[in-house]
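All remarks here apply to the structure that follows.
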Amino acid sequence: MSVTDPLACQSDAFALPDDVHYLNCAYMGPLPRVAEAAGVAGLAKKRVPTGISPEDFFKEADVLRALFARLVNAPDPAAIAIGPGVSYGVATAARNLPLGAGQNVVVTHEQFPGNVHAWRRKATESGAEVRTVVPPDGEGRGAAWNERLLEAIDARTGIVAVPHVHWTDGTLFDLSAVGRRCRDVGAALIVDGTQSVGALPFDVAEVQPDALIVAAYKWLLGPYSLSLSYFSPRFDDGVPLEETWIGREASEEFQRLVQYRDGYQPGAVRFDVAERSNFALVPVALASLELLNGWRPERIQEYCRALTSELLHEAAALGFGVEAPEWRGSHLFGLRMPAGVDLDALRDALQRRNVYASLRGSALRLSPNVYNTPENVAALVEVLREAVA
Ligand SMILES: Cc1ncc(COP(=O)(O)O)c(C=O)c1O
């Protein structure tokens, strides 16, 4: 992925201290300064509620939908629902998809539970099976895992529920190919984009998922307790998890709310969580999405690639293993330990040098972003050298 207008380091847009080497966006994205200010202003609005008008229950939520639709190239802002988390969006999809006895739901090995539990329940209740696609070990793991995923989707597959990159080690799944396979066999495709959308391009028009569900607090650099989901037209007559008043037709007319309406707002708005017009959280998510649309995911991905290319050479020379670039994210990847590395000593060295990353099993998960500097990477390299010394 090459870009003609590369992005410069954006550390000034954040408030991370220089001596904190934060390579852990996959755990929690830091809030940009403008997003924090927007949140404080949003919260302060409630000091004197006279400033909150009926239109405010709709306006910013709709801008948020439009910004997310633009980020993922979704056709219509009304196709975006505002939720409280991934599990909620997945439960909405599960509630509305058919699944019969003898069918299967395809997921990947050690997938994040927020995109697993609803399918386990649905499969049990339907007499269907959850089919988990396990990767092989060793060389070519990412390519082989992708092949196995495509092979697992067959004529009995009702639903494929997968991420774009795996949360533990950044393995990249070719969702265009998965989408084609799903359409060939008539399966629904539900994507958890939490560990990718924002930092890795996602194109709804190309992948054609039935739903794409994204928590805002990682790569969308937004608040905790907010998620954004695209739902395709197949859900247009769907039943929401909650029967909110604001999701109903003509909810803008506050004087007529008790003229109860049977119809819903168009598109996916019916799937919004209750009180989705959260005056403190929505402005935060909105400010961050404005930044991301300006920076653009392909430039963020390229920034992370360029920032970490030396590091990856150095890590390989020290004996750490890493997936081939075409099968992993540049924003999220795991370093597999060489034999003999003491994990407690490594944890200790990370802490001493203020390097933040996640130990996942016997791999070190690194997840850089546009605020990271060469100094952050240099601090990590020192830790790796110490670990193998
Ligand atoms: C891939 C993935 N999906 C979802 C979540 C969060 O799920 P929820 O919003 O339901 O808490 C995480 C958190 O780590 C994640 O890594």
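The values are calculated or read from the model by the stated rules, or taken from the named source; none is laboratory data. Every value quoted in this text rests on a predicted model; they were computed, and no experiment measured them. Positions of Cβ are generated from backbone atoms using ideal geometry, with glycine treated the same way; all protein chains shown enter the neighbour counts.
Of all the listed residues (Thr92, Thr108), the sole one being touching a His at 6+ places or on another chain (Cβ under 7 Å), within 29 Å of Tyr224 (Cα to Cα) and within 16 Å of the ligand (Cβ to nearest atom) is Thr108.
Exactly one residue among Val116, Val165 is within 16 Å of the ligand (Cβ to nearest atom), of a type outside the set (Gly, Ala, Ser) and within 19 Å of Tyr88 (Cβ to Cβ), and that residue is Val116. Taken over segment 78-88, the criterion of being part of a helix (DSSP H, G or I) and either within 8 Å of the ligand (Cβ to nearest atom) or among the charged types (D, E, K, R) (or both) is satisfied by Val86, Ser87, Tyr88.
Give segment 24-46 a look and list any residue that's within 16 Å of the ligand (Cβ to nearest atom) and part of a loop (DSSP other than H, G, I, E, B), or say none. Answer for segment 24-46, where residues must be within 16 Å of the ligand (Cβ to nearest atom) and part of a loop (DSSP other than H, G, I, E, B): Cys25, Ala26, Tyr27, Met28, Gly29, Pro30. Do you know which residues across segment 105-137 are assigned to a helix (DSSP H, G or I) and either acidic (Asp, Glu) or within 19 Å of Cys182 (Cβ to Cβ) (or both)? Residues satisfying the conditions are Asn115, Ala118, Trp119, Lys122, Ala123, Glu125, Ser126. Please determine, by comparing only the residues of segment 205-227 that are of a type in the set (S, T, N, Q) and in contact (Cβ under 8 Å) with a residue 40 or more places away in the chain, which one is nearest to the ligand (Cβ to nearest atom). Only one residue tops the list, namely Ser227. Among all positions in segment 138-154, there is at least one residue which is among the aliphatic types (A, V, I, L, M) and assigned to a loop (DSSP other than H, G, I, E, B). Every listed requirement among (1) at pLDDT 95 or above; (2) within 24 Å of Ser196 (Cβ to Cβ); (3) over 22 Å from the mean Cα position of the chain (by Cα) is met by Arg47 save one, (2).
Condition check for Leu189 on (1) over 17 Å from Ile82 (Cβ atoms); (2) touching an Asp or Glu at 6+ places or on another chain (Cβ under 6 Å); (3) within 12 Å of the ligand (Cβ to nearest atom): one failure, at (3). In summary, Ala74 fulfils each of the numbered conditions (1) outside any helix (DSSP H, G or I); (2) more than 16 Å from the ligand (Cβ to nearest atom); (3) more than 25 Å from Leu221 (Cβ to Cβ) with the single exception of condition (3).
A single member of Leu291, Leu286, Leu281 is aliphatic (A, V, I, L, M), surrounded by 13 or more Cβ atoms within 10 Å (Cβ to Cβ) and under 19 Å from Val86 (Cβ atoms), and it is Leu281. Which condition number in (1) away from the ligand (no atom under 16 Å from the Cβ); (2) within 22 Å of Glu206 (Cα to Cα); (3) among the hydrophobic types (A, V, I, L, M, F, W, C); (4) in contact with a strand residue (DSSP E or B) (Cβ under 6 Å, 6 or more places away or on another chain) is the one that Leu150 fails? With respect to (1) away from the ligand (no atom under 16 Å from the Cβ); (2) within 22 Å of Glu206 (Cα to Cα); (3) among the hydrophobic types (A, V, I, L, M, F, W, C); (4) in contact with a strand residue (DSSP E or B) (Cβ under 6 Å, 6 or more places away or on another chain), Leu150 is out only on (4). Screening the candidates Asp56, Asp18 for the property of being surrounded by fewer than 22 Cβ atoms within 10 Å (Cβ to Cβ) and either aromatic (Phe, Trp, Tyr) or not assigned by TED's automatic domain parsing to the domain that holds Ile190 (or both) yields one hit, Asp18.
Restricting Arg270, Arg248, Arg180 to residues that are free of Cβ contacts under 8 Å to residues at least 12 places away in the same chain, away from the ligand (no atom under 16 Å from the Cβ) and on the phi < 0 side of the Ramachandran plot narrows the list to Arg180.
The selection criterion, being in contact with an Asp or Glu (Cβ under 7 Å, 6 or more places away or on another chain) and in the same structural domain as Val204 (by TED's automatic domain parsing), does not hold for Asn96.
When the strands (runs of 3 or more DSSP E) confined to segment 332-383 are screened for residues that are crowded, with 21+ Cβ neighbours inside 10 Å and in contact (Cβ under 8 Å) with a residue 12 or more places away in the chain, those reaching at least 2 such residues are found at 333-336, 363-366.
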